[in-house]
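Participant: First the structure, which I've put down as structure tokens, then a few questions once you've had a look.
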Amino acid sequence: KDYYWTELDVAGADLAIMAFLSQDRDFIHDIRAGNFHQTKMREYFNDATLTKKDVSKYVIAKSITFRVSYTAGLKFAAIPIQADIYAENGLHVGLGTLEYALETWQRYSQYMRFRDKCTDEVKNHKRITNARGLVLEYEQTDNFGILAGWMNESLAFPVASELAWFMWEASVNLKKLLKQENLW
């Protein structure tokens, strides 16, 4: 009687933010339809019968999806993604499966253009701008490792900054509810 349990699906929120920032109709549709990780798992493994009960494939699909979201160079990402998945949970994913899975994201053409816009801003202007106009500036460097990190950050900053606002709004609304119930 004196507390509320609140759960926020932050993982789902960042994918939804990506879809809406990119304004990709197909991506937004798939997010709104629900079970996005299951949808992508079925796509990645080309098997419409898969469900969350296919745990290892579901875990692999989630791992691939989040790496797609925050990895700038998809054409070069299969081997690092393969290594990350194995290191995280001991599951081996064949490179052919990974390459196919990464290719499935091409159907979100507006999202892919959004990704390109983010990374091009880093390449050409040494900055990234989020949806609210806040700018993250970068220094001048020719170090490939640093540039690669900034490219990945160019995808993360717009999403993470919106996710922070989402969390803030959720916290404020929860506080309002607790005040109404005289629990704050």
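The values are calculated or read from the model by the stated rules, or taken from the named source; none is laboratory data. Note that the coordinates shown come from a computational prediction; the quantities given were computed from them, not determined experimentally. When we count neighbours, we look across all protein chains shown, and the Cβ atoms used for this are built from the backbone with ideal geometry, even at glycine. Just the protein is used for accessible areas: all its heavy atoms, side chains included, with ligands, DNA and RNA removed. Shrake-Rupley method; radii C 1.70, N 1.55, O 1.52, S 1.80 Å.
Participant: Kindly indicate whether ASN173 is open to solvent by 50 Å² or more (accessible area, probe 1.4 Å), over 23 Å from PHE36 (Cα atoms) and at pLDDT 90 or above.
Facilitator: yes
Participant: When LEU8 is evaluated against the numbered criteria (1) under 25 Å from ALA160 (Cβ atoms); (2) among the hydrophobic types (A, V, I, L, M, F, W, C); (3) surrounded by fewer than 18 Cβ atoms within 10 Å (Cβ to Cβ); (4) at pLDDT 90 or above, which criterion, by number, is the only one it fails?
Facilitator: With respect to (1) under 25 Å from ALA160 (Cβ atoms); (2) among the hydrophobic types (A, V, I, L, M, F, W, C); (3) surrounded by fewer than 18 Cβ atoms within 10 Å (Cβ to Cβ); (4) at pLDDT 90 or above, LEU8 is out only on (4).
Participant: Would you tally the residues in the range 75-99 being under 18 Å from the mean Cα position of the chain (by Cα), over 11 Å from ILE60 (Cα atoms) and among the aliphatic types (A, V, I, L, M)?
Facilitator: 2
Participant: Can I ask one more? Tell me, please, whether a residue that is assigned to a helix (DSSP H, G or I), hydroxyl-bearing (Ser, Thr, Tyr) and touching a strand residue (DSSP E or B) at 6+ places or on another chain (Cβ under 8 Å) can be found in the range 151-162.
Facilitator: Yes.
Participant: Okay, next question. Need the failing condition index for TRP184 against (1) open to solvent by less than 70 Å² (accessible area, probe 1.4 Å); (2) in contact with a helix residue (DSSP H, G or I) (Cβ under 8 Å, 6 or more places away or on another chain); (3) outside any helix (DSSP H, G or I), just the number.
Facilitator: Answer for TRP184: the failing condition is (1).
Participant: Exactly one of these conditions fails for PHE45: (1) over 29 Å from GLY149 (Cβ atoms); (2) in contact with a Phe, Trp or Tyr (Cβ under 6 Å, 6 or more places away or on another chain); (3) of a type in the set (Phe, Trp, Tyr). Give me its number.
Facilitator: With (1) over 29 Å from GLY149 (Cβ atoms); (2) in contact with a Phe, Trp or Tyr (Cβ under 6 Å, 6 or more places away or on another chain); (3) of a type in the set (Phe, Trp, Tyr) applied to PHE45, the lone miss is (2).
Participant: Something else: Suppose the filter is aliphatic (A, V, I, L, M), free of Cβ contacts under 8 Å to residues at least 40 places away in the same chain, surrounded by fewer than 16 Cβ atoms within 10 Å (Cβ to Cβ) and closer than 23 Å to ALA160 by Cβ; does VAL135 pass it?
Facilitator: Yes; evaluated as a whole, the condition is true for this residue.
Participant: Among what's in the range 102-132 and is among the aliphatic types (A, V, I, L, M) and open to solvent by less than 30 Å² (accessible area, probe 1.4 Å), pick the residue that is nearest to ASP24 (Cα to Cα).
Facilitator: Checking each candidate, the answer is MET112.
Participant: Then there is this: Is it true that ASP142 is open to solvent by 50 Å² or more (accessible area, probe 1.4 Å) and modelled with pLDDT of 90 or more?
Facilitator: No.
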